[in-house]
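Worksheet for the structure shown next.
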Amino acid sequence: MSGRIETGPRWQRFIAIGAAVVLAIIFLRLFSSILLPFVAAAGIAYFLDPAVSALSRLRIPRSLGTAIMLLALIAGAALCILLLYPLISAQIGLLSQQLPGMVENLQKFATHEINNIQQKFGQGFVSSKLKSLVSNEAGTLMGFVGTAARRVVGTGFVLINILTLLIITPIVAFYFLRDWPFVVARIDSWLPRSQESVIRNLCQEISRILNAWLRGQAICCLFLAVFYAAALSIAGLNLGLVVGLTAGLLSFIPYVGTIVGAVSSIVLALGQFSGLDHVLVIALIFVVGQLLNDYVVAPRFLGDRLGLSAVWVIFALFAGAETFGFLGVMLAVPVTATLGVLARFWLHHYLQSSLYLEPPKPSA
């Protein structure tokens, strides 16, 4: 009887945890289309809470400190947009004007390289369909890309969604950030008394990892965006500012931003410049940028404090995008950090348990 009384609550906890996970997945499935502003607001509140708490210690009311930090964040974002929008718009306009000439240069380059390959390996080495695609369909493809880009930039539906996100997110973030200590205290009061110290330690470890990853990754992305944008602009690439900033922002997925930016820049360079000298310079820019990030910036601001492998981060981001779209991308790293802390906690207890330490039974 005593064994049943002891094991009952344990099974109840397992059932409760499983039910909570299932309900969370169902909730995300049902409301994923409207949760993005709320998740973004929660992320902003989590990011700004230390600064607002510091203002509170200076005897500034929590509501006033929250308003100050949110207004500072909005002003900084608006300033960046106002400074970058004219440059980005001018580069996109220049690209649309030079697109036919770039397509022609790409066709000439590809045709020249195919002819060289045929001279070395024979006429039948390159398929006739590939030659036809390079000579006839490349212009159509590039024209379609340019038209699609202009439509994406000018689509009213996209602008409405962005405006909705920009309006709702700060409002929700204000309430999240103002009430953050009360929410944390309320959740803390619900913890089971027998396990509250363990749960608090786990939550503090998860928070430490998330803080280190978010702030360190933000610094790395900012460095790469500035480096790529400045270097590509100095190298003379027409769309260098846009490609550099995009590559830097995409670098929150390890190596993906650099690869996407390098491929895009090399294609643009082949269409803009004659010869391979500029193409090699463009490729060297991305190699140097990634090396500086890996061996100078990332060790300084990320170090080995994360406990998040780059492989798991990439897998989590792609799995989140496949499951819940952009909402899944935003939730991927927090979920991965939580699972990593729990896995290390359970592994530590397993390595100290009798299941692991019990010696093998002697053979008959």
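Computed with a 1.4 Å probe over protein heavy atoms only, the accessible surface of the range 202-330 comes to 49 Å² per residue. So, in Å, what gap is there between the alpha-carbon centers of the range 12-82 and the range 184-204? Computed from Cα coordinates, the inter-centre distance equals 20 Å. When peptides 173-181, 193-201, 86-94, 225-233 are sorted by average Cβ neighbour count within 10 Å, with the highest value leading, the order is 225-233, 173-181, 86-94, 193-201.
Can you send over the carbon and sulfur percentage of the accessible area for the range 222-364, probe radius 1.4 Å, protein chains only? Reported share for carbon and sulfur atoms: 74 percent.
The values are calculated or read from the model by the stated rules, or taken from the named source; none is laboratory data. Every value quoted in this text rests on a predicted model; they were computed, and no experiment measured them. Don't worry about glycine lacking a Cβ; one is built from the backbone with ideal geometry, like all the others, and counts go over all protein chains shown. Please note that ligands, DNA and RNA were not included when accessible areas were found on the heavy atoms of the full protein model with its side chains. Shrake-Rupley method; radii C 1.70, N 1.55, O 1.52, S 1.80 Å.
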